[in-house]
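Down below is the structure, laid out as structure tokens.
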């Protein structure tokens, strides 16, 4: 299996997980609506519902950010990037992943594993007496989410390398450096 095929399979896995995790939005909306109804019409406040909102929002973000990156929907400076050549975009992706993204992701995962493990070992719960337990679950989502971003970063690193050094045949297969983004340049 070639590097490009491997990178596509990695991104397909992250896309699959991201699509499934995006369904958390339904649970998040249900919790928010329930919390609002209980507070507004029944004057019943719930710390657990509020914390569940935060946890669902955090999990939703963390577990779908790798998917957003694989679909090139992440934040960039589009006004500048759109004027760069495909080679310049590939070089920026190569250098950015190598020097910034992958080391940052590795550090967050390295420290995040201990962060979640300690939370699990001590049975960490909310600081509020009526809050949620099992705080390690949301902390584990941080590790998983950054792992997914790391997978996509490695995939994009491989694609950048292949685009720059792989020859015309592979360059024609890798489209995301040569396509124009949001503002419709030709």
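Computed quantities for the displayed model
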quantity: Reported label for calculated Rg/Rh (Cα atoms, Kirkwood Rh) given (1) 0.96; (2) 1.08; (3) 0.99; calculated: (2)
quantity: Estimated [θ] at 222 nm from DSSP helical runs (n ≥ 4, -39500 (n - 2.57)) normalised by residues in the chain, nearest 500; calculated: -23500 deg cm²/dmol
quantity: Ranked 136, 67, criterion: other C-beta atoms within 10 Å, fewest first; calculated: 136, 67
quantity: Exposure proxy ranking, count of Cβ atoms within 10 Å, fewest first, for 74, 57; calculated: 74, 57
quantity: Computed over segment 3-173: relative contact order in percent, which uses C-alpha pairs under 8 Å that are six or more apart; calculated: 33
quantity: Packing-based exposure ordering (other Cβ within 10 Å, fewest first) of 11, 121, 53; calculated: 121, 53, 11
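Laboratory data are not the source of any read-out in this text; all were calculated from the coordinates shown. Please read all numbers here as calculations on a predicted model, not as lab measurements. Note that we place each Cβ from the backbone using ideal geometry, even for glycine, and neighbour counts take in every protein chain shown.
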